[in-house]
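The values are calculated or read from the model by the stated rules, or taken from the named source; none is laboratory data. Bear in mind the structure is a predicted one, so any value in this text is a computation, not a measurement. Note that we place each Cβ from the backbone using ideal geometry, even for glycine, and neighbour counts take in every protein chain shown. The protein model used for the area step is the full one, side chains on, heavy atoms only, and it has no ligands, DNA or RNA in it. Shrake-Rupley method; radii C 1.70, N 1.55, O 1.52, S 1.80 Å.
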Amino acid sequence: MKIIFVSNNWADAHQQVRLQALLALCPSLVCLTFTRTYYPATSSIEPLWTGRMEHASYLKRWNIYIQFFRQLYKTVKNGDIVYTYGFDLAAITLLFRTLTRRSVYLVHEVPDIREMFFRKGKAGWLLRRIERWVIPRIDLLVVTSPEYVTEYYQKLRGLPVRKYLVIENKIHTRPHHLPNTPERPASQNRIRIGYFGLLRCKASLDCLMLLACTNRFDIILRGIFMPDTRHYESLVKETPNMQYLGPYDAPKELKTLYGSVDIVWAAYPYSPRSITGNHLWARTNRFYESLYFRRPIVVQKGTSDADRARTLGNIAIEVDLEDTRQAAQYLEEQLTPDYLQDMEKALTAIPEHEYLIKDEYKTLVRCLQLRK
């Protein structure tokens, strides 16, 4: 028995963290991977097979899907575990298992529920029909937020889920065993806001640009722009008090990143969908990283992160990104050095289990060993 780790983005930091954990569980692990226009890929192991995937619709990827299917045929044997990222790759793996009748235990991890699943029209209808075939046949669904199962698959879609396990986007180990509270910058009454990761939220960028223009805030952007927000890179250069400093290496640079700002922008990419959508259920990496490094956070009103922050105490400030001007005005009024100090004090009381992985992988081991 071996684990075949199927990565739809080999450079994704989250997937690399999960890969390292799986390697510790099962050294006989091989990787079938896809690369994209993204961060530079760094990994401790060499993939068995690598394909190139562009940011495009599923229909435009048919050629690479055929190549992937052939590689599954060469690699996967009876009794193997296939651990997949990406709904499209999970669907192809399930199709492979069905056609070849090989005894394969299929694990599918869902870090996010993409907006395409909420689309109207024929394309959205077809995707949801395929989802209705795929999800009930997954042996183990790994999710980063419990609401993905309870609110989306079960309540909204009415889909049966065989078995699921929640592994939140918590910190796995103390990065390089460094102290978890970096020194806050001397801001001289100017507040530094950091927006890190995938810079894909237009509403967030618009709001931050407005704050930068007040001359009370310094805005630091680190990560990569996505196709829909790539034009913001030139806009940022023209905005005073706002800097884009390029990609970063997680987790190596996290302490430096969080040590360079007073407060972290952790609002999930805004969606106009007020009732349903990934933005309501997702748990962002920045939320847990901010708890670990004891940096106050900006969260989006009505989201899972906002609800959790409220139960933990005065550690975050909520904004409604439906109106970016109003959100910027609210933050300008509320974010003061004294308010930040109060939030930092509250963060020191947060217990470790809220942001550090504890025994989640022991549960994963049991799930894999109990497969039939």
Query raised in the report: To the nearest Å, what is the center-to-center distance of region 221-245 and region 83-158, using C-alpha atoms only?
Result: 33 Å
**Report entry** Net lengthening on full extension, Arg114/Thr100 (0.36 nm per residue, minus Cα-Cα)
**Finding:** 2.1 nm
Query - Residues of region 1-148: accessible area per residue with a 1.4 Å probe, Å² - result: 46 Å²
**Report entry** Convex hull (Cα only) mean projected area of region 244-372, reported in nm² to one decimal
**Finding:** 10.7 nm²
**Report entry** Convex hull volume of region 60-134 per residue (C-alpha atoms, cubic angstrom)
**Finding:** 95 Å³
Query raised in the report: Among 240-248, 255-263, what's the highest-first ranking by average C-beta atoms within 10 angstrom per residue?
Result: 255-263, 240-248
Query raised in the report: Mind checking which of Leu165, Leu48, Leu19 has the largest fluctuation in a GNM of the chain, springs on alpha carbons under 10 Å?
Result: Leu48
Query raised in the report: For region 233-316, what does the alpha-carbon gyration tensor say about shape, rounded, prolate or oblate, given a ≥ b ≥ c as the root eigenvalues, a/c under 1.5 as rounded, and a/b over b/c as prolate?
Result: oblate
Requested in this report: Based solely on C-alpha atoms, express the radius of gyration and the Dmax of the chain in angstrom.
Outcome: 21.1, 66
Requested in this report: Step through the residues of region 299-307 one at a time and calculate ³J(HN,Hα) from phi using the Karplus curve (6.51 cos²θ - 1.76 cosθ + 1.60, θ = phi - 60°), rounding each to whole Hz and writing x for Gly and Pro.
Outcome: 10, 8, 4, x, 9, 4, 4, 5, 4
Report summary line: From the cross-link list Lys120/Lys163; Lys74/Lys358; Lys155/Lys202; Lys2/Lys163; Lys2/Lys358, the entries with a Cα-Cα span beyond 27 Å are Lys120/Lys163; Lys74/Lys358; Lys155/Lys202
Query - In degrees, nearest ten, helix 62-75 long axis to first principal axis of the chain (Cα) - result: 60 degrees
Query - Label-point gap, in nm, between His14 and Gln243 - each point 7 angstrom along Cα→Cβ - result: 2.8 nm
Query raised in the report: Comparing Glu147, Glu333, Glu354, which has the greatest mean-square fluctuation in the GNM of the chain with Cα pairs linked when under 10 Å apart?
Result: Glu333
Requested in this report: Rounded to the nearest 10 degrees, what's the angle between the helix 121-134 long axis and the longest principal axis of the chain, both from Cα atoms, 0 to 90?
Outcome: 60 degrees
Report task. Order the peptides 280-293, 190-203 from the highest to the lowest mean number of other Cβ atoms within 10 Å of their residues. Result -> 280-293, 190-203
Query raised in the report: Helix 202-212 sits at what angle to the longest principal axis of the chain, using alpha carbons and giving 0 to 90 degrees rounded to 10?
Result: 20 degrees
Query - Net length gained if the chain between Arg132 and Lys2 were fully extended (0.36 nm per residue, minus Cα distance) - result: 44.0 nm
Report summary line: Everything considered on the Cα gyration tensor (a ≥ b ≥ c; rounded for a/c under 1.5, else prolate if a/b is larger than b/c, else oblate), region 100-149 must be described as oblate
Query - Within the chain, helix-based [θ] at 222 nm, where runs of 4 or more DSSP H residues each add -39,500 (n - 2.57), nearest 500 - result: -10500 deg cm²/dmol
Query raised in the report: Quick one: with all protein chains in place, what share of the accessible area of the chain is carbon or sulfur, to the nearest percent (1.4 Å probe)?
Result: 51 percent
Query - Length added when fully stretched, Trp125-Lys301, from 0.36 nm per residue minus Cα-Cα - result: 60.4 nm
Requested in this report: Starting from the Cα of Leu23, step 7 Å along the direction of its Cβ; do the same at Asp228; then give the gap between the two resulting points in nm.
Outcome: 3.4 nm
Requested in this report: Working with all protein chains in place, sort Lys362, Lys60 by solvent-accessible area computed with a 1.4 Å probe, largest first.
Outcome: Lys60, Lys362
Query raised in the report: Shape of region 1-157 from its Cα gyration tensor (a ≥ b ≥ c, root eigenvalues): rounded if a/c is under 1.5, otherwise prolate when a/b > b/c, or oblate?
Result: rounded
Requested in this report: Round to the nearest 0.05 the FRET efficiency obtained for Thr256 and Arg190 when R0 = 22 Å and r is the Cβ-Cβ distance.
Outcome: 0.70
